[in-house]
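Worksheet: one structure, shown below.
Where a number appears in this text, it was derived from the coordinates with a stated rule and is not lab data. Note that the structure is a prediction, hence the values are computed from the model and not measured. With ideal geometry, Cβ positions are generated from the backbone for all residues, glycine too; neighbour counts draw on all protein chains shown.
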């Protein structure tokens, strides 16, 4: 099985669109289509249903996806085993669209000679912590809900970014013209976040935010990704959602979505870097130095479990 085709299949599954997968892989959309078509021919099944909004996994595609991820992980481990001291720095992020992806792009611009392998297959903080502990990855960006004393031996965490949260609405929403909103202003509004999967660190953050300010965070309905969410927000006078101010989102101009600062206080999402101090990879100290640490922001809110600032 062609691993380039497998990697392309996983990229399309993650992005939900051939065009975005092409951008992630730095190849043309035509090359993405050819690789997926070759894999479908090799397997004798359709892996995606093409729609006006992108690509949706078929039943066969859903069945293949976990095995495809396992193949890519095996390839990563095999390559690393024969490149001691020269392999890429393996760093986990939840999604390349989120703020840590931007931090890594900034690091790469500052250190163009440092080879990076950005992975996105770890589902939650517990999986990321175990992957750092075992050496599967070198570092991970996560919001760590466990106290430092409960991290596995050898794993460290340091807070590297406090990301302000914004309210995302369509143009017909009652708050769409507000220059800013306070958390207390959002009581009674439906904050729709179907991607808040129970047990994840981001769900813990928004659960605590809702409890602290009496908000309603609605996680009903399946999570079909960002595009259907933006679709719904654009057309709704009642739905809103939360988004980090460094989260990279694109939508058609006619959606006219609004990103409204949340202030007094400003909820900030506490991104931390996880690593092992005994990891000898030469690029790891450079990454830690590049990230530095956030300054305490006035009038901000974080959950009680957030790791303290250095």
Determine by what factor the alpha-carbon radius of gyration of the chain differs from 2.2 N^0.38 Å, reporting the quotient. 1.04
Quick one: length gained pulling residue 38 to residue 146 fully straight, 0.36 nm per residue minus the C-alpha distance? 34.4 nm
Under a Gaussian network model of the chain whose springs join Cα atoms within less than 10 Å, the largest fluctuation of 181, 158, 144 belongs to 181
Please report the antiparallel percentage of DSSP beta bridges with both residues in segment 159-286, rounded to the nearest 5. 70
Averaging sequence separations of C-alpha pairs under 8 Å and six or more residues apart, then dividing by the length of segment 3-81, give the relative contact order as a whole percent. 31
Expressed in nm to one decimal, what extension gain is obtained for the pair residue 63 and residue 254 from 0.36 nm per residue of sequence separation less their Cα-Cα distance? 65.1 nm
Take the Cα pairs of segment 166-206, get the Kirkwood Rh, then feed it into Stokes-Einstein at 25 °C and 0.890 mPa s and tell me D in µm²/s. 206
Determine by what factor the alpha-carbon radius of gyration of segment 3-81 differs from 2.2 N^0.38 Å, reporting the quotient. 1.05
Between Rg and the Kirkwood Rh of segment 163-267, both from Cα atoms, what is the Rg to Rh ratio? 0.92
In this structure, the FRET efficiency calculated for residue 31 and residue 115 from their beta-carbon separation, with R0 = 30 Å, to the nearest 0.05, is 0.85
Find, to one decimal place in angstroms, the Kirkwood hydrodynamic radius of segment 105-156, where the mean of 1/r is taken over every pair of different Cα atoms and then inverted. 12.4
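Among 26, 236, which comes first, second and so on when ranked by fewest other beta-carbon atoms within 10 Å? It would help to have the intermediate numbers written out before the result.
Values: 26 6, 236 15.
Ascending number of Cβ neighbours within 10 Å: 26, 236.
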Cβ density ranking, 10 Å radius, fewest first, applied to 255, 269 yields 255, 269
With label points set 7 Å from each Cα along the Cα-to-Cβ direction at residue 51 and residue 232, the distance between them in nm comes to 1.3
Two-decimal log10 I(q)/I(0) for segment 142-225, as the Debye equation yields it once each C-alpha is a single scatterer, q = 0.16, 0.24 Å⁻¹: -0.78, -1.31
In Å and on Cα atoms, what radius of gyration and Dmax does segment 214-282 show? 17.1, 53
Can you tell me, using C-alpha contacts under 8 Å and at least 6 residues apart, the relative contact order of the chain as a whole percent? 21
